[in-house]
Each structure stands twice: as C-alpha cells, then as structure tokens.
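Before I ask anything, let me first share the structure, which is written out below as structure tokens.
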Amino acid sequence: MRLADKVAMVTGGGSGIGRGIVRCMAGEGADIVIPDIQAANAARVADEVKGLGRRALALECDVTRQADIDRIVSKALETFGRLDILVNNAGVASRPGMPFTNNTEADWDQVFAVNVKSIFLLAKALTPHFMERRQGRIINIASIAGPISAVTMPPYSVSKMGVITFTRILAKELAPHNVTVNALCPGVLWTDFWQGLAAHIAETNPAFKGMTPRQVFDKRVKDLIPMGREQTPEDIGWAAVFLASDQARNITGQALNVDGGTVMH
Ligand SMILES: NC(=O)c1ccc[n+]([C@@H]2O[C@H](COP(=O)([O-])OP(=O)(O)OC[C@H]3O[C@@H](n4cnc5c(N)ncnc54)[C@H](O)[C@@H]3O)[C@@H](O)[C@H]2O)c1
C-alpha cells in the first residue's frame with residue numbers, strides 16, 4: 001500500500017488514462033476526488049473506487065473555469081480535510097492540422113485552456129495548502145507529442161511541451177517547500193482520445209483510405225513505438241503511483257516517458 005490514506009485529486013478521472021490512474025491509486029490505498037466535465041463518467045469511476053474499499057468524490061467540473069476550480073478545491077478539502085496529490089490529467093486533442101494552416105484560432109485557444117491553463121489554475125489553488133503542510137505531489141500528464149514535435153496536431157504538441165516547461169518551473173519554485181512536481185508523457189493509448197483521432201484520420205487522410213480507425217491506430221503504434229505495442233491506462237497509473245509515493249521523494253522536475261521507448265534522452 002504505497003499511498004495508504006493519502007488523498008488524491010485526478011482531473012478527467014472519468015475515463016481513459018485518468019480512470020487508470022484513479023484505479024491504480026485507489027488500489028494502493030488512496031481516497032480519490034474525481035473532477036470531470038462528464039459527470040456521469042466521474043460518478044461511475046467513483047463507484048469503482050468505493051468497490052475497491054476507498055472513499056471517492058465525483059464532481060462535475062470544467063477545469064478551464066476559475067469558479068469551478070474554487071468550488072472543487074473547497075468541496076474536496078471540506079470532505080477529506082486535506083489533499084496530498086494532484087494529478088492534472090484532463091486534456092483534449094486538437095483538430096488535426098497538417099498543414100498547420102488548417103488550424104483555427106479557436107483550436108489553439110481551446111487546447112491551451114484545457115491542457116495548460118487548467119494546470120496553472122489548479123496549482124495556484126492548491127499550492128498554499130501544500131506549502132502550509134510542507135508536503136504535496138503534483139503530477140501533470142503531458143505527452144510524447146511535445147518532445148517529438150508531432151506535426152499531426154500542432155496546437156496539441158505545443159501545449160504538451162508547455163506542460164513540461166511549466167512542470168519544471170513549478171518544481172523549481174516548490175522544491176524548498178518539499179513539494180515535488182513531475183510530468184508523465186504517455187505514448188499511444190486506445191482511449192476515447194485516440195479513437196476520435198483515428199476516426200478523423202481514416203476519414204480525411206488519403207494515405208489511410210479504406211482503413212478502420214483501429215487499423216490507423218495499429219499502424220501508428222507499429223511505426224512509432226520501438227517495443228511495438230500500445231500503452232494501457234494502467235501503465236500510466238503505475239508510473240503515477242510511483243511518483244506520488246515516498247519512494248519518489250527526491251524526484252522532481254522530470255518528464256517520464258511511458259511510451260515503449262519512443263523518446264529516449
Ligand atoms: N490517449 C493517448 O494516446 C494519450 C497520449 C499522450 C497523452 N495523453 C493525455 O492523457 C490525458 C488523458 O487522455 P485520455 O487518452 O485518457 O483521453 P480521454 O478523452 O479518454 O480522457 C480525457 C478526460 O478529460 C476530461 N475532460 C476533458 N476536458 C475537460 C474539461 N474542460 N474539464 C474537466 N474534464 C475534462 C474528459 O471528460 C475525459 O474524462 C490527456 O491529457 C491527453 O492529452 C493521451
């Protein structure tokens with residue numbers, strides 16, 4: 001039980017990678033707050049957490065809105081008395097660019113609001129609490145799309161590099177307060193995120209004409225990942241458990257790639 005009696009908030013925990021992180025953390029003894037814009041999904045995952053014998057709180061929330069952040073942070077603190085771990089997982093893909101001129105101002109604004117601004121809002125809301133207690137863990141879900149400068153979705157790739165840079169800035173600033181801040185960079189996972197993307201590519205990209213979304217995805221995995229296999233939400237969840245645990249107390253400012261060897265540095 002590496003997270004016994006810790007309290008974690010996992011944004012976007014109602015599906016995909018977020019749900020994997022929630023389940024791994026609950027399995028290691030944590031109680032979980034699940035803010036998600038899709039309230040029904042958050043409620044379903046909260047029931048799964050209760051089934052694992054831990055407490056859970058599902059909250060409807062748009063992480064781009066200051067008022068929602070204020071509401072979920074006070075509700076979480078009122079319910080559990082404290083928060084030990086913040087996982088900024090909620091994120092969205094941008095509409096594919098390629099060429100980049102296909103993207104609109106709205107594409108850039110939306111992706112930056114959900115993927116980057118939300119981390120600022122949540123870190124700002126919770127940092128005083130972490131500093132007061134001289135402990136805290138922040139884990140930001142970035143993506144290999146940042147480090148590999150993926151051309152398929154320019155606003156998305158740039159936003160995820162922004163997540164890594166902001167992770168390092170927060171890590172430097174919060175290190176003297178015994179708060180660690182790290183990023184995880186998942187590779188390629190068959191979640192709602194990639195299912196939507198693969199369907200769009202199959203429909204619009206002549207190079208993938210006649211392929212099913214799953215075939216598009218399998219080709220991406222084969223072309224990109226040295227280990228030749230996709231990642232699972234649990235792969236990301238176990239890495240998050242490690243970074244949140246006492247075993248990782250001296251690891252901060254890092255971006256850990258969980259990607260079958262795609263990015264090596
Ligand atoms: N799937 C992949 O291959 C992959 C690879 C690298 C990184 N990621 C990142 O992992 C994270 C999770 O993605 P996923 O693959 O699980 O996708 P997903 O679409 O299954 O999950 C995203 C979750 O975020 C929630 N969300 C979206 N916008 C929100 C908002 N404004 N406020 C609150 N919640 C919101 C959604 O409701 C959903 O539950 C994202 O940050 C994504 O960029 C995914």
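Tell me, what ³J(HN,Hα) does each residue in the stretch 35-51 have, in order and in whole Hz, if you take phi through Karplus 6.51 cos²θ - 1.76 cosθ + 1.60 with θ = phi - 60° and put x for Gly and Pro?
Running phi through 6.51 cos²θ - 1.76 cosθ + 1.60 with θ = phi - 60° gives x, 8, 5, 9, 4, 5, 5, 4, 5, 5, 5, 4, 5, 4, 4, 4, x Hz.
Taking H placed 1.01 Å from N in the peptide plane, check which residues at least 5 places from LYS6 or on another chain put their amide H under 5 Å from its amide H.
Result for LYS6 returns ASP31.
Determine the relative contact order of the chain: mean sequence separation of Cα pairs under 8 Å and six or more apart, normalised by residue count, in whole percent. It would help to have the intermediate numbers written out before the result.
On the way: 549 pairs, mean separation 52.8, N = 265.
This gives 20 percent for the chain.
Under a straight-distance cross-link criterion of Cα-Cα below 18 Å, which aspartates and glutamates are reachable from LYS219, leaving out those fewer than 8 residues away in the same chain?
Qualifying aspartates and glutamates at Cα under 18 Å: ASP192, GLU203, GLU230, ASP259.
What per residue convex hull volume, in Å³, do the alpha-carbon atoms of the chain yield?
Details: hull volume 32.2 nm³, N = 265.
Considering the Cα atoms of the chain, their hull volume per residue is 121 Å³.
Follow-up. Check which residues have an amide H placed less than 5 Å from VAL179's amide H, if you skip close sequence neighbours.
Here the answer is none, since no amide H 5 or more places off falls under 5 Å of that of VAL179.
Let me ask you something else. Post the alpha-carbon centroid distance, the stretch 168-230 to the stretch 29-70, in whole angstrom.
If you average the Cα positions of each part, the centres end up 23 Å apart.
Further question on the same structure: How long is the gain from MET131 to GLN195 if the chain were fully straight, where each residue apart is worth 0.36 nm and the alpha carbon distance is subtracted? Can you show the working numbers first?
Details: separation 64, 0.36 × 64 = 23.04 nm, distance 3.95 nm.
Taking MET131 through GLN195 to full extension adds about 19.1 nm, to one decimal.
Considering only Cα-Cα distances, which of the following residue pairs are longer than 19 Å: LYS160/LYS209; LYS75/LYS117; LYS50/LYS124; LYS160/LYS222; LYS6/LYS75? Write down the numbers at each step before the final one.
Details: LYS160/LYS209 29 Å; LYS75/LYS117 21 Å; LYS50/LYS124 29 Å; LYS160/LYS222 23 Å; LYS6/LYS75 17 Å.
Where the Cα-Cα span goes over 19 Å, the pairs concerned are LYS160/LYS209; LYS75/LYS117; LYS50/LYS124; LYS160/LYS222.
Can you work out the Karplus-derived ³J(HN,Hα) for every residue in the stretch 227-244? Use 6.51 cos²θ - 1.76 cosθ + 1.60 with θ = phi - 60°, whole Hz, and x for glycine or proline.
Result, rounded to whole Hz: 6, x, 9, 6, 9, 10, x, 5, 4, 6, x, 5, 5, 5, 4, 4, 5, 7.
About its Cα centre, what dipole magnitude does the stretch 188-230 give when the only charges are +1 on Lys and Arg Cβ and -1 on Asp and Glu Cβ, stated in debye to the nearest 20?
Numbers: 6 positive and 5 negative charges, 31 e Å.
Magnitude of the dipole: close to 140 debye.
Separate question: Would you please give the residues with an amide H less than 5 Å from that of LEU256, counting only those at least 5 places away or on a separate chain, with H modeled from the backbone geometry?
ALA183, LEU184, CYS185
Over the stretch 117-208, what per residue volume does the convex hull of the Cα atoms give, in whole Å³? Present the calculation step by step, with values, prior to reporting the outcome.
Working: hull volume 9.4 nm³, N = 92.
Here the figure is 102 Å³ per residue.
When only Cα pairs under 8 Å and 6 or more residues apart are kept, what is the percent relative contact order across the stretch 105-175?
Values: 48 pairs, mean separation 25.9, N = 71.
In percent, rounded to a whole number, it is 36.
Please name which of LEU126, PRO176, ASN103 has its Cα lying farthest along the dipole of the stretch 55-193 towards the positive end, using unit charges on Cβ (Lys, Arg +1; Asp, Glu -1) and the Cα centre as origin.
Comparing the listed Cα positions along the dipole, PRO176 ranks first.
So if I place +1 on the C-beta of Lys and Arg and -1 on the C-beta of Asp and Glu, and nothing else carries charge, what would the dipole magnitude of the chain be about its Cα centre? I want it in debye, nearest 20.
On the way: 28 positive and 26 negative charges, 79 e Å.
It works out to roughly 380 debye.
Mind computing the radius of gyration and Dmax over the alpha-carbon atoms of the stretch 132-265? Å is fine for both.
Looking at the stretch 132-265, its Cα Rg and Dmax stand at 16.7, 57 Å.
Using the 10 angstrom Cβ neighbour count as an exposure proxy, how do ASP5, ASP218, ASP109 rank, fewest first?
Working: ASP5 10, ASP218 16, ASP109 13.
In order of increasing Cβ crowding within 10 Å: ASP5, ASP109, ASP218.
Also, quick follow-up: For the stretch 1-108, count the residues as N, evaluate 2.2 N^0.38 Å, and divide the Cα radius of gyration by that value, please.
On the way: Rg = 15.4 Å, N = 108, 2.2 N^0.38 = 13.0 Å.
Rg over 2.2 N^0.38 Å, computed on Cα atoms: 1.18.
What does the stretch 188-230 give for Rg and for Dmax, in Å, if only its C-alpha atoms count?
Looking at the stretch 188-230, its Cα Rg and Dmax stand at 9.9, 28 Å.
No value in this document is a laboratory result; all are computed from the given coordinates. Computed from a prediction, not measured in an experiment: that's the story for all the values here. Ideal geometry is used to build each Cβ from the backbone, glycine not excepted, and the neighbour counts take in all protein chains shown.
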